[in-house]
Amino acid sequence: DGTLNDWTTDGIAFANALGHPIIKGSRIVGLEQGKASSKLSGKGLYGALRSPGFVIAEDSLLIRAAGKNSMVRVIIDNFQLIQDPIYGQLQTHPDSDELQDYRINLSMWSGHNAYIELLVGDFMSGGDKKSHEFDLAAEAWIEVEYVLGFDSLNINVPGISKVNRQQSITMAKQHWIDGVATPQEVMMLNNWFSKKKPLIPELADWQQDQQRRSRSLYDSGFVVGVTDGDHIESPVFIRGSLQNLSKDKVPHRFFAALSDTSEVYNKEGSGRLELAENIANSNNPLTARVMVNRLWHHVFGRGLVETVDNFGVQGKIPSHPELLDYLAVKFMEEQWSVKKILKYMMMSQAFQRVTKASRSSTLEDPANIWLQHYPVRRINAESLRDAVLITSGNLDTAMYGPSVPVYLTEFLRGRGRPKESGPLDGAGRRSVYQAMNRNFLPPMMLAFDMPIPFSTFGRRNVSNVPSQSLTLLNDPFIADQASKWALQLIKEHDSFEDRVKRVYMQAFSRQPLVQEIDQARGFFEEQQNLLEREVAIANLDYELWKGYCHSIFNMKEFIFLI
């Protein structure tokens with residue numbers, strides 16, 4: 001209808017969508033009218049403008065738009081469909097300083113729910129239309145005069161309603177300054193500007209203020225997130241069948257099993273905010289109980305409720321129900337602080353106990369349900385990789401930054417294989433910063449039960465299989481880190497005992513026993529006899545220490561919390 005009624009904005013580019021000033025010399029001669037623009041506060045600013053949801057009833061969408069490095073796309077059933085030819089071309093990329101008409105064919109999606117999205121920026125990079133990486137160019141901008149649904153045989157371009165001359169110019173100017181002017185107000189101001197031709201200083205101050213405010217928001221950084229959508233109520237799929245829908249649509253509300261079903265959410269918006277508030281409400285005990293149980297699971301290797309993903313009737317009953325309730329209440333009282341509740345668990349006697357079971361515990365509680373001793377646990381795949389890096393002195397502890405591409409071995413082949421491999425050591429970054437390509441997962445991590453990242457896992461499988469020992473013996477990453485560790489030891493320490501002590505402190509955080517130093521000497525003597533005929537004397541010391549460091553990585557004490 002020529003307005004932005006019910007359209008929603010995200011980011012800062014569309015903070016002032018209507019009425020870009022037309023300036024000649026030092027005066028305003030008018031305002032661009034009848035279109036939404038992202039460049040009022042400057043180019044290259046992130047932003048999105050989204051239409052309300054609608055049901056596709058026409059076969060085409062006509063967009064009159066201009067822009068650079070930006071896009072208009074149609075989202076079908078809340079899902080961004082991939083590009084043609086499979087699903088048809090549901091997006092267009094304006095590339096002109098002047099308004100032009102673009103058409104999107106919707107004929108194959110009649111009857112589906114959809115909304116239209118204008119994005120500053122594009123998913124094309126360097127002309128590669130298959131790129132899925134969002135690119136916000138410094139000169140990116142977009143503006144749209146209208147978006148019109150029509151049938152191919154019947155099209156009428158909308159016009160803007162006539163201006164009510166009785167409206168206040170002062171109010172219209174204020175609305176324009178605040179970025180909420182209607183198309184009618186823009187037309188009225190356009191006429192007023194063309195007659196009065198006000199000087200530019202006041203406008204320049206306003207423009208600088210808008211750009212400064214937008215730039216400060218932009219420089220503060222953005223994260224990937226979601227924006228609130230329309231209030232759409234859906235029917236129930238009876239017995240899960242999409243062909244058998246309930247007559248009445250269900251209002252937005254919290255889970256019926258946990259709340260009064262008569263309390264429905266606000267009629268505006270998606271209801272996500274109300275849902276989040278219900279989930280994190282202190283009157284809802286389930287969230288805190290599930291969270292502290294998962295934290296207990298990570299600290300002790302088994303949750304107070306062993307089935308951490310299932311608190312229902314099919315799950316296990318709590319081993320310590322009163323403790324679970326106490327921790328849940330304390331967690332909420334501590335403002336839901338994960339760090340504080342973890343510290344509280346680790347300061348407990350249960351956490352600080354030895355791993356050796358007493359005779360009575362072995363007889364009366366062989367599964368150690370009552371935690372008479374701390375359970376022996378193998379560290380997970382990510383922790384093992386980080387432990388190897390920090391032991392060898394090559395862990396980069398810097399926080400944040402981009403992910404590091406996966407290292408591609410010669411066996412990782414197949415469709416979609418990345419063009420370039422990441423470094424063998426992952427640039428020394430912690431495992432949390434290693435990129436995960438679902439078709440090319442790191443073999444070492446998989447050997448130690450890293451879950452395949454197709455779904456979430458509250459509790460991982462923990463296996464003890466020969467492939468793990470073979471991985472520690474033969475994986476190139478382990479061998480590379482053993483080599484770097486050996487070079488560091490040779491460089492920093494002279495005596496044999498000093499080096500062995502340093503190895504034990506780095507790997508196990510303790511001093512070696514006398515018999516362990518003797519065992520190290522025996523290892524070196526045996527290896528020296530084997531290597532003297534194969535390795536040059538100049539490299540013998542390095543080869544011996546590399547082999548010794550490699551053997552430390554294979555010790556049970558290194559991969560188990562004992």
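Can you find a residue that is touching a residue at least 24 places away in the same chain (Cβ under 8 Å), open to solvent by less than 90 Å² (accessible area, probe 1.4 Å) and under 15 Å from L389 (Cα atoms) anywhere in the stretch 532-545? The answer is no, given that none of the residues of the stretch 532-545 is touching a residue at least 24 places away in the same chain (Cβ under 8 Å), open to solvent by less than 90 Å² (accessible area, probe 1.4 Å) and under 15 Å from L389 (Cα atoms). The residue list A114, A172, A137 contains one member that is part of a loop (DSSP other than H, G, I, E, B), among the aliphatic types (A, V, I, L, M) and modelled with pLDDT of 60 or more, which is A137. In the set (1) within 26 Å of the chain's Cα centre (by Cα); (2) modelled with pLDDT of 65 or more, Q83 fails one condition alone, (2).
Within the stretch 274-305, can you find the residues that are in contact (Cβ under 8 Å) with a residue 40 or more places away in the chain and either among the charged types (D, E, K, R) or closer than 16 Å to F255 by Cβ (or both)? I'd like the intermediate steps shown before the answer.
The initial filter retains those residues of the stretch 274-305 that are in contact (Cβ under 8 Å) with a residue 40 or more places away in the chain, namely 280, 282, 285, 288, 291-292, 294-297, 299-303.
Listed by number, the residues that qualify are A280, P285, A288, R294, R302.
The criterion of being of a type in the set (D, E, K, R) and assigned to a loop (DSSP other than H, G, I, E, B) holds for R415. The residue of the stretch 298-314 that is modelled with the highest pLDDT, among those that are open to solvent by 60 Å² or more (accessible area, probe 1.4 Å) and either more than 19 Å from L342 (Cβ to Cβ) or not in a helix (DSSP H, G or I) (or both), is R302. Counting only helices (runs of 4 or more DSSP H) that sit completely within the stretch 315-395, those holding 3 or more residues that are modelled with pLDDT of 95 or more correspond to 321-333, 338-346, 381-391. Restricting S348, S403 to those that are in contact with a helix residue (DSSP H, G or I) (Cβ under 8 Å, 6 or more places away or on another chain) and hydroxyl-bearing (S, T, Y) reduces the list to S403.
Restricting attention to the stretch 334-377, the residues that are open to solvent by 60 Å² or more (accessible area, probe 1.4 Å) and under 28 Å from the mean Cα position of the chain (by Cα) add up to 5. Taking each residue of the stretch 348-363 that is in contact (Cβ under 8 Å) with a residue 24 or more places away in the chain and looking for partners that are assigned to a loop (DSSP other than H, G, I, E, B) and aromatic (F, W, Y) with beta-carbon atoms closer than 7 Å, six or more apart or interchain, yields F351/Y374; T355/Y374. Can you confirm whether the stretch 542-554 contains a residue that is hydroxyl-bearing (S, T, Y), assigned to a loop (DSSP other than H, G, I, E, B), under 48 Å from the mean Cα position of the chain (by Cα) and at pLDDT 90 or above? Looking through the stretch 542-554, none of the residues is hydroxyl-bearing (S, T, Y), assigned to a loop (DSSP other than H, G, I, E, B), under 48 Å from the mean Cα position of the chain (by Cα) and at pLDDT 90 or above.
Screening L40 with (1) under 19 Å from L99 (Cβ atoms); (2) open to solvent by less than 30 Å² (accessible area, probe 1.4 Å); (3) modelled with pLDDT of 85 or more gives one miss only, at (3).
Among the conditions (1) closer than 24 Å to I379 by Cβ; (2) in a helix (DSSP H, G or I); (3) of a type in the set (K, R), R521 misses just one, which is (1). Filtering A48, A66 for residues that are open to solvent by less than 70 Å² (accessible area, probe 1.4 Å), at pLDDT 90 or above, in contact with an Asp or Glu (Cβ under 6 Å, 6 or more places away or on another chain) and not in a loop (DSSP other than H, G, I, E, B) leaves a single hit, A66. Looking across the stretch 418-434 at every residue that is touching a residue at least 40 places away in the same chain (Cβ under 8 Å) and in a loop (DSSP other than H, G, I, E, B), the one that is surrounded by the fewest Cβ atoms within 10 Å (Cβ to Cβ) is identified as L424. Residue-level check: of (1) in a loop (DSSP other than H, G, I, E, B); (2) touching a Lys or Arg at 6+ places or on another chain (Cβ under 8 Å); (3) surrounded by 16 or more Cβ atoms within 10 Å (Cβ to Cβ), N437 misses just (2).
Taking the residues in the stretch 403-417 that are at pLDDT 90 or above and open to solvent by 40 Å² or more (accessible area, probe 1.4 Å) as candidates, determine which candidate is nearest to P443 (Cα to Cα). Within the stretch 403-417, the match that is nearest to P443 (Cα to Cα) is Y407. Can you find even one residue in the stretch 249-270 that is in a helix (DSSP H, G or I) and surrounded by 14 or more Cβ atoms within 10 Å (Cβ to Cβ)? No, because not a single residue in the stretch 249-270 is in a helix (DSSP H, G or I) and surrounded by 14 or more Cβ atoms within 10 Å (Cβ to Cβ). Considering the stretch 483-524, the residues that are over 13 Å from C549 (Cα atoms) and of a type in the set (A, V, I, L, M, F, W, C) include one that is most open to solvent (accessible area, probe 1.4 Å), namely V514.
The values are calculated or read from the model by the stated rules, or taken from the named source; none is laboratory data. Quick caveat: nothing in here was measured; it's all calculated off a predicted structure. Every residue, glycine as well, gets a Cβ built from its backbone with ideal geometry; the counts of neighbours run over all protein chains shown. Ligands, DNA and RNA are excluded from the accessible area calculation, which covers all protein heavy atoms including side chains. Shrake-Rupley method; radii C 1.70, N 1.55, O 1.52, S 1.80 Å.
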